[in-house]
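Chemist: If you scroll down you'll find the structure; I have some questions about it.
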Amino acid sequence: MARVKYNGLVVEVPAGRSVLDALLDRGETIPHGCRAGACQTCLMQATQGTVPAASQRGLKAAHRERGLFLACSCMPEEDLEVCLPDTQQLRIAASIVGRRALADDVMELSLRTSEPFSYRAGQYVTLWRDAELGRSYSLANLPQTDGLLQFHIRRIEGGAFSGWIHDSARVGDALDVQGPMGDCFYTADDPEQKLLLIGTGTGLAPLYGILQDALAQGHRGAIHLFHGALARDGLYLHDSLTELAAQHNKLHYHACVLHGDDEPAADIRAGDVGALALERIGTPAGWKCYLCGDPTLVNGLRKKLFLAGAAMKDIHADAFLASGPAPRDPLND
Ligand SMILES: Cc1cc2nc3c(=O)[nH]c(=O)nc-3n(C[C@H](O)[C@H](O)[C@H](O)COP(=O)(O)OP(=O)(O)OC[C@H]3O[C@@H](n4cnc5c(N)ncnc54)[C@H](O)[C@@H]3O)c2cc1C
């Protein structure tokens with residue numbers, strides 16, 4: 001059993017348990033989110049000892065060298081001394097410059113960073129309301145010279161961050177931005193390759209960014225965007241996307257609703273967005289695929305596309321994992 005020293009406290013971490021779980025069990029306040037190594041909210045720093053490589057997956061080389069690691073993915077194999085990292089070096093200051101309702105439960109949030117921020121549309125960042133509350137959101141706009149970042153944030157019932165954005169946040173409020181992260185972005189390596197973009201809910205945010213990037217870079221292959229929602233009012237960019245598709249022959253926008261109460265409109269299909277996409281495009285072999293939003297849909301489709309012929313290297317996915325309670329420790333049950 002490894003021992004982890006943190007803030008004057010020595011905590012024993014049983015095999016298979018993470019540093020994050022062990023510290024939370026002891027009542028320590030460690031910021032965290034997805035607990036699956038994606039959101040990087042639980043970043044910590046090892047000042048003594050070596051952390052397992054798996055806990056540094058996806059981190060920048062400079063951060064790995066400084067001993068930064070993800071506490072949720074760190075099952076220590078040796079004793080460690082750890083601390084919370086200096087956030088000044090990881091985050092940049094930003095302020096809210098706009099809030100616009102895209103639908104009853106989706107807000108477009110616009111921020112301006114205090115210094116240049118380099119990213120690719122479709123990647124995600126952690127937005128920090130304060131030292132403890134940080135959540136991942138995908139970048140929906142192309143990088144701008146004036147540091148404008150745009151996000152689509154869905155209200156989650158009882159949600160700490162999304163509730164703040166929808167109900168209380170105001171233009172001028174400050175927050176911090178950490179990142180960017182993820183590989184869901186357009187690359188112009190093969191401008192003829194067909195692109196398949198599938199997302200549910202605000203999974204449209206990164207896809208909207210990727211789409212704009214592909215169009216801006218003159219992508220020549222067909223681009224099929226499938227947006228799935230439970231009902232018509234969840235198709236929150238329907239008119240803009242319909243208009244955009246009318247301007248670009250290569251862009252095909254497919255709006256899908258799971259529950260069509262009435263006969264769906266002529267331009268909206270009823271059914272499961274993944275099934276409708278596979279039915280429409282036939283084999284995905286040779287396509288570049290982007291999947292974003294609901295984790296069950298994203299993870300299920302990733303497998304289906306691979307089995308149907310898409311190459312793993314051509315499948316880019318961001319599952320919008322929710323922050324959740326700690327997995328149970330069988331030793332403490
Ligand atoms: C890589 C990545 C990118 C993301 N990008 C976006 C984005 O662009 N737009 C966006 O709106 N969200 C995005 N998310 C989700 C976002 O990070 C938050 O999880 C979400 O906004 C809820 O945070 P909250 O603080 O409001 O709710 P919390 O306070 O974290 O949760 C409140 C309760 O709701 C549950 N819950 C949380 N999320 C959901 C959900 N989706 N469905 C049902 N129950 C839920 C929690 O388990 C908890 O019980 C992304 C997540 C990841 C990992």
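The values are calculated or read from the model by the stated rules, or taken from the named source; none is laboratory data. Just so it is clear, the model here is predicted, and its values are computed rather than measured. Positions of Cβ are generated from backbone atoms using ideal geometry, with glycine treated the same way; all protein chains shown enter the neighbour counts. These area figures cover heavy atoms from the full protein model, side chains too; ligands, DNA and RNA do not enter into them. Shrake-Rupley method; radii C 1.70, N 1.55, O 1.52, S 1.80 Å.
Chemist: Could you name the lysines in cross-link range of K250, using Cα to Cα under 25 Å and dropping any fewer than eight places away on the same chain?
Modeler: Partners within reach: K194, K288, K304, K313.
Chemist: Using the crude model of +1 on Lys and Arg Cβ and -1 on Asp and Glu Cβ, and no other charge, please compute the dipole size for the stretch 91-181 relative to its Cα centre, in debye to 20.
Modeler: 160
Chemist: Ordered by residue, what ³J(HN,Hα) values in Hz, to whole numbers, does the stretch 239-244 give under the Karplus form 6.51 cos²θ - 1.76 cosθ + 1.60, where θ = phi - 60° and Gly and Pro are x?
Modeler: With coefficients 6.51, -1.76 and 1.60, one gets 5, 5, 6, 4, 5, 4 Hz.
Chemist: In addition: If the chain between A54 and R112 were fully stretched, how many nm would it gain, using 0.36 nm times the residue separation less the Cα-Cα distance?
Modeler: 17.5 nm
Chemist: Moving on. What dipole magnitude, in Debye to the nearest 20, does the chain give about its Cα centre under +1 on Lys/Arg Cβ and -1 on Asp/Glu Cβ?
Modeler: 580
Chemist: Leaving out ligands and nucleic acids, note down the accessible area per residue over the stretch 91-181 with a 1.4 angstrom probe, in whole Å².
Modeler: 43
Chemist: Which is the longest part of the chain that has none of the GluC sites (Glu not before Pro) sitting in a DSSP loop with at most 13 other Cβ atoms within 10 Å?
Modeler: Numbers: sites that count: E77, E78, E132, E157, E192.
Of all site-free stretches, the longest is 193-333.
Chemist: Please report the carbon-and-sulfur percent of the accessible area for the stretch 16-170; probe 1.4 Å, protein heavy atoms only, DNA, RNA and ligands left out.
Modeler: The value for the stretch 16-170 is 43 percent carbon and sulfur by accessible area.
Chemist: What number comes out for the charge environment of T126, summing +1 per Lys or Arg and -1 per Asp or Glu over other residues with Cβ under 15 Å away?
Modeler: Surrounding charge for T126 is +1.
Chemist: Which value, in debye to the nearest 20, gives the size of the charge dipole of the stretch 195-319 about its Cα centre, when Lys and Arg are +1 and Asp and Glu are -1 at the Cβ? Let's see the in-between values first.
Modeler: On the way: 10 positive and 13 negative charges, 142 e Å.
Approximately 680 debye in magnitude.
Chemist: Still on this structure, I have one more. How charged is the neighbourhood of G172? Take every other residue with its Cβ under 12 Å from the Cβ of G172, and add Lys/Arg as +1 and Asp/Glu as -1.
Modeler: Here the count lands on +2.
Chemist: Over the stretch 91-181, calculate the relative contact order: mean separation of alpha carbon pairs under 8 Å at least 6 apart, over the residue count, as a percent.
Modeler: Numbers: 203 pairs, mean separation 35.3, N = 91.
Here the relative contact order equals 39 percent.
Chemist: Over the stretch 181-321, what is the relative contact order in percent, taking alpha-carbon pairs closer than 8 angstrom and at least six residues apart?
Modeler: For the stretch 181-321, the relative contact order is 27 percent.
Chemist: Could you grab the relative contact order for the chain? Cα pairs under 8 Å, six or more apart, rounded to a whole percent. Before the final figure, lay out the partial values.
Modeler: Details: 710 pairs, mean separation 45.2, N = 333.
About 14 percent, as a whole number.
Chemist: Could you work out [θ]222 nm for the chain from helices alone, using -39500 (n - 2.57) per DSSP H run of at least four and dividing by all its residues? Round to the nearest 500 deg cm²/dmol.
Modeler: Only helices count here, giving -5000 deg cm²/dmol.
Chemist: Oh, and also: Return the sequence-ordered ³J(HN,Hα) values of the stretch 119-132 in whole Hz as given by the Karplus equation 6.51 cos²θ - 1.76 cosθ + 1.60 applied to θ = phi - 60°, using x for Gly and Pro.
Modeler: Those phi angles translate into 7, 10, 4, x, 6, 10, 10, 9, 9, 10, 6, 7, 4, 9 Hz.
Chemist: Another question about this same structure. May I ask for the net charge around F306, where only other residues with Cβ less than 15 Å from the Cβ of F306 are counted and Lys, Arg are +1 while Asp, Glu are -1? Don't jump to the answer; show the numbers that get you there.
Modeler: Values: positive: K288, R302, K303, K304, K313; negative: D314.
Around F306, the surrounding residues sum to +4.
Chemist: Then there is this: Taking the DSSP beta bridges in the chain as the whole, what percent of them are antiparallel, to the nearest 5?
Modeler: Of the beta bridges lying entirely in the chain, close to 60 percent run antiparallel.
Chemist: What length, rounded to one decimal in nm, is gained on full extension from A131 through to L9, with 0.36 nm per residue of separation minus their alpha-carbon distance?
Modeler: Taking 0.36 nm per residue and subtracting the Cα distance, the gain is 41.8 nm.
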